[in-house]
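The values are calculated or read from the model by the stated rules, or taken from the named source; none is laboratory data. Since we're looking at a predicted model, the values are computed, not measured. Cβ placement follows ideal geometry from the backbone for every residue including glycine, while neighbour counts extend to all protein chains displayed.
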Amino acid sequence: MTPQPKSERLQDRPFRVKLRGAVLTLIRLPNQHDVRGKLHMLSSSGGLMNVEKPLDEKLKVELIFRVGEITVREKAEIMFPMWATQGWLQPFRFIEVPEKRRCELEKTLLAFVQGLQGSASPSQAATS
């Protein structure tokens with residue numbers, strides 16, 4: 001088997017957006033208790049969130065958050081946490097997401113980034 005070139009592997013990777021805690025999330029545990037977190041990074045396949053205490057690896061949860069114009073309420077699997085300077089970074093991956101919903105999330109994330117880029121340069125808009 002020949003290895004894929006780096007450019008082909010990157011094309012397979014979903015588009016990611018760094019939110020740096022700007023989006024709050026509710027993590028519904030299997031016992032129906034809720035834990036709060038903040039999204040640090042998000043893609044259509046998963047992401048990374050800041051949490052006060054780490055969650056167990058391979059735990060199946062329901063994530064609920066609002067990004068752009070959509071509310072996301074999807075099942076996710078928790079991955080191994082990483083210590084950060086203020087709490088924990090908890091990676092997760094979405095599971096059983098319908099393709100239509102995945103595409104909707106990807107379009108919303110792209111629009112979110114384009115909106116940030118448009119508002120980041122008001123002097124360019126004034127000169128156009």
In the stretch 72-115, residue surrounded by the most Cβ atoms within 10 Å (Cβ to Cβ) [restricted to those that are β-branched (V, I, T) and part of a helix (DSSP H, G or I)]: T108
Pairs, first surrounded by fewer than 11 Cβ atoms within 10 Å (Cβ to Cβ) in the stretch 2-31, second aliphatic (A, V, I, L, M) and at pLDDT 75 or above, C-beta under 9 Å, six or more apart: P30/L59; P30/V61
Name every residue in the stretch 58-70 that is modelled with pLDDT of 95 or more and in a loop (DSSP other than H, G, I, E, B), in order of residue number. K58, L59
